[in-house]
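Worksheet for the structure shown next.
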Amino acid sequence: MNNRVKSNTKEAAFSEKDKRQRRGQADKLPPRHPGWNLWQGLFLILLVNLVELPLGWLRVSENLDTVAGFLHFLAVGFGEGIIYFGAIFALMLLLRKPLTYLGFVKPRWSYWILGVVVGFFLFVSIGLLGNILIKFLGTPAPQSFTEAVKGVKYGWQFYILLLLGGIIAPLKEEIIFRGLIYPPLREAYGRGKGMLLTGLFFATLHFDLVRFLPLFIGGVVLTWVYERSGSLWPAVLAHGTWNVLMALALWVQR
C-alpha cells in the first residue's frame, strides 16, 4: 500500500513537472503575451521620427563623397540608434518588462551558426532577386549607405561604416521589427501571419518601392530566425552578416 502511495506521489510530481515544462515552452520567446500592443510600438516609431524631424535627420544625406558629408551621415546613423535604444528602454521601464521580452536571451550555439548561414543566404538570394527586378522596374535610386561606401576615400571610413551597417543598424532594426513589432502581431494573428505582417512592416518602413519585395522576403526570413531561435541575437547576426557582405561587395566593385 505504501509503495502504491509513493508511486502515485512520484507520478503526480513528474506530471506536475511536465506541466511546468510545457508551460515554459508555451511561454518561451517570442512571448505569447508581450505586454504591449502594435499601436504602442508604432507610436514609439512615430515619436522617434518626430524627434528626428527638426534635426533634419529624415532627409537623404548629401555630399557623401566628402568628409563633412560622411561625418554627417555617421552622426545621423549613430544618433538615430541612440534615440531608438533610449526610447525602447524607457518603454520597457514604463511597462515594467525585462529586456528579455524583446528577445535579449542567450541562444544555443547552433543558432549562432544559423544566423551566419541565413546572412549569407540573404546576401546571395536577395541580391539575385534584386538584379532580376532591376531588369523590369529599372535601377532604383541608390541608398545612402551605398553612396557612403562608394564615396569612401580612407580605410577608417570603411571600418566605421562596417560598424554602423554590421552592428548598430541591425541591432536597431531587429529590436524594432522583431523585438517590438512581431510579438503583438504573433499574439493577434499567430506565427504565420505574424511573420508575413512583420515582413510587410519591415519593407514598407524602408520607403523603397523597387526594393519592396526583396526587403519583404528578408524581413520574413529574419522574423523566422527570431521565432526559431527564441532569441534576438541570431536575427541580429543574420542581418549584420547580410549588411557586411553587401558593404564588402560594394567596396570591391569600386
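Quick note: the coordinates plus some simple rules give every number you see, no bench work behind them. This structure is a prediction, so every number in the text was calculated from the model and none was measured. Glycine also receives a Cβ, built like all others from the backbone with ideal geometry; neighbour counts cover every protein chain displayed.
Data for the structure
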| item | result |
| --- | --- |
| Förster-model FRET efficiency, 35 Å R0, His33 and Phe212, C-beta, rounded to 0.05 | 0.65 |
| Tilt relative to the chain, helix 109-137 - C-alpha long axis, 0 to 90 degrees, to 10 | 40 degrees |
| Protection-proxy order for peptides 130-140, 194-204, each taking the mean of Cβ atoms within 10 Å per residue, highest first | 194-204, 130-140 |
| Low-density loop cleavage sites - chymotrypsin sites (Phe, Trp or Tyr not before Pro) in the range 145-188, where at most 13 other Cβ are within 10 Å (DSSP) | Tyr154 |
| Rounded tilt (10° steps) of 182-204 against the dominant C-alpha axis of the chain | 10 degrees |
| Taking only Cα atoms of the chain, radius of gyration then Dmax in Å | 21.6, 87 |
| The range 35-253, relative contact order in percent, only Cα pairs under 8 angstrom and at least six apart counted | 32 percent |
| Residue-wise HN-Hα coupling along the range 164-170, computed from phi with Karplus coefficients 6.51, -1.76, 1.60 (Hz; x: Gly, Pro) | 5, x, x, 10, 5, 5, x |
| Residue pairs, from the table Lys106/Lys172; Lys97/Lys172; Lys150/Lys172; Lys135/Lys193, whose Cα atoms sit over 27 Å apart | Lys135/Lys193 |
| Separation of the Leu129 and Val116 label points, Cα + 7 Å toward Cβ, nm | 2.4 nm |
| Rounded to 10°, Cα long-axis angle of helix 38-52 versus longest principal axis of the chain | 30 degrees |
| Stokes-Einstein diffusion coefficient of the range 150-254, Kirkwood radius over Cα pairs, 25 °C, 0.890 mPa s, in µm²/s | 171 µm²/s |
